[in-house]
1. Do we find a residue being in contact with a strand residue (DSSP E or B) (Cβ under 6 Å, 6 or more places away or on another chain) and crowded, with 20+ Cβ neighbours inside 10 Å anywhere in segment 131-138?
2. Go through G164, G127 for me and flag whichever is modelled with pLDDT under 95 and either out of contact with any Ser or Thr (no Cβ under 7 Å at 6 or more places or on another chain) or among the hydroxyl-bearing types (S, T, Y) (or both).
3. Among the residues of segment 200-223, are any buried (at least 18 other Cβ atoms within 10 Å of the Cβ), modelled with pLDDT of 85 or more, among the small types (G, A, S) and touching a helix residue (DSSP H, G or I) at 6+ places or on another chain (Cβ under 6 Å)?
4. When you check E170 against the structure, is it touching a strand residue (DSSP E or B) at 6+ places or on another chain (Cβ under 7 Å), part of a strand (DSSP E or B), of a type outside the set (A, V, I, L, M, F, W, C) and within 18 Å of A53 (Cα to Cα), yes or no?
Amino acid sequence: MLQDKPSHSTPGKPPRNCQFYPQFLTITPDAMSSSERITVYNLADLKNHSDDALPNYLNSLKFAQSHTLTDVRLALGYSAFLVAGACFLWDYKLGFESTKYYTAAAVALYSLLNGALTLWIWLKEAGTVYEGTSPSGEKISIATSTKKNDPTYNMKITLAHKNGEKKTLELSKPFAEWFDSQGRFVVIPFQEVLATNVPIIGKLDPKRVKSVSQAYSADVLDALYAESAATGSEAEAIKGASKRRKA
């Protein structure tokens, strides 16, 4: 169970109350990870970081991301802001008495726009963080959520085939599968979860498809991060040496 404040534990290892105990899996040489560290007790940070990784991965597989949900939300939000700004401006310039009917209409319109925005976020977006279309024309929508004091990433994935048939997958995985004990995001395990469980993703990235019984342990995640960091350092050194030779 998560706590507001971390308990004392051995440096470099997760506290006893943090559920970081999946099974081992062979380290892959091309592991990449983020150097940014976040606290493993902050569910919002864990979810937001994972949400941000979804479009990065899927777009790299040539999915065409749709921004319709975000565009509508922004349009409603900015429209409400413009109405409020116009109301303030004509009240400042012309006074309340001469504009009170316009102000009443503006207040009603502002309320409608804000109500529509709220309903859009709750009912239409409903936690959706990604919508896109695969190169073959299949559509995918991913909504994510977490529950209080439960370090589990819940995904509701809706797939729509070109013939109109829809299928919904519900997937729940502990954040420990792709965050190491230091709170660093490890990309490969995250991508493997998606490729293994979502057919249209696995079809585009077959090298990430793994046996369902396989998973990373906390120690292996640390090793993956260390290996990817070392690989990155070597690449930078080679690049620097190449530039010096050209100079």
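1. yes
2. After ruling out the rest, the residue left standing is G164.
3. No: zero hits.
4. No; evaluated as a whole, the condition is false for this residue.
Quick grid of which residues meet (1) buried (at least 17 other Cβ atoms within 10 Å of the Cβ); (2) among the small types (G, A, S); (3) closer than 22 Å to K207 by Cα:
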site: L54; (1), (2), (3): yes, no, yes
site: L58; (1), (2), (3): yes, no, yes
site: Q65; (1), (2), (3): no, no, no
site: A80; (1), (2), (3): yes, yes, no
site: V107; (1), (2), (3): no, no, no
site: L123; (1), (2), (3): no, no, no
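The values are calculated or read from the model by the stated rules, or taken from the named source; none is laboratory data. Remember, predicted model here, so these are calculated numbers, not experimental data. Glycine gets a Cβ as well: all are built from the backbone with ideal geometry, and neighbour counts include every protein chain shown.
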